[in-house]
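Trainee: Sending over a structure as structure tokens; questions will come in a sec.
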Amino acid sequence: MTDTELAYAAALIDGEGSIGIYFLVNPKYKLRGGQYQVRVTVTNTDPRMALWLQARFGGTITPGRSKVGHRPTTRWLVHTQKAAAMIALIRPYLITKGEQADVALAFRATLGHKGVNEKGRPIRLPDGVWELRTQLRDQIHVLNRKGA
């Protein structure tokens, strides 16, 4: 990808997007009842933006939430490893979402530890990892709060 494309992607995230850390509860993730996930989203009324992002970074496109009387929106979403790879590429160009990007990358670095053994059975996380993940999630939540 060119520097221009990376800068454009960063501008889309800065202006129309979000970088977040979410906790997903799913029965198949038995370790501590769920898992954390880094997500990058962009929502806009012009679907070409989502298509452009998907062609370069992967991810999924879905209808976004639209208010009554407003034009329909399109939502692009990329998560986990693809999200971290994208954030690392566009980080030098981010202006308003730079702090969120740094927190998301710090969070992603804690995921090097596998929560299951070679047989797929849950194993205990090293001391402090779960707490650090929770702190980073809380930190990015504060950064994403409206008016902050």
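Trainee: So is residue 38 in contact (Cβ under 8 Å) with a residue 24 or more places away in the chain and within 24 Å of residue 143 (Cβ to Cβ) or not?
Mentor: In short, yes.
Trainee: Give the residues of region 59-112 that are without any contact (Cβ under 8 Å) to a residue 24 or more places away in the chain and among the acidic types (Asp, Glu), sorted by residue number.
Mentor: Result: 102, single match.
Trainee: Considering only residues that are basic (Lys, Arg), at pLDDT below 95 and not in a helix (DSSP H, G or I), which ones fall in region 90-122? Spell out the reasoning first.
Mentor: So in region 90-122, the residues basic (Lys, Arg) come out as 91, 97, 108, 114, 119, 121.
Now restrict to residues that are at pLDDT below 95: 108, 114, 119, 121.
Of everything in region 90-122, those that are basic (Lys, Arg), at pLDDT below 95 and not in a helix (DSSP H, G or I) turn out to be 114, 119, 121.
The values are calculated or read from the model by the stated rules, or taken from the named source; none is laboratory data. This structure is a prediction, so every number in the text was calculated from the model and none was measured. Neighbour counts are summed over all protein chains in view; Cβ atoms, including those assigned to glycine, are modelled from backbone coordinates with ideal geometry.
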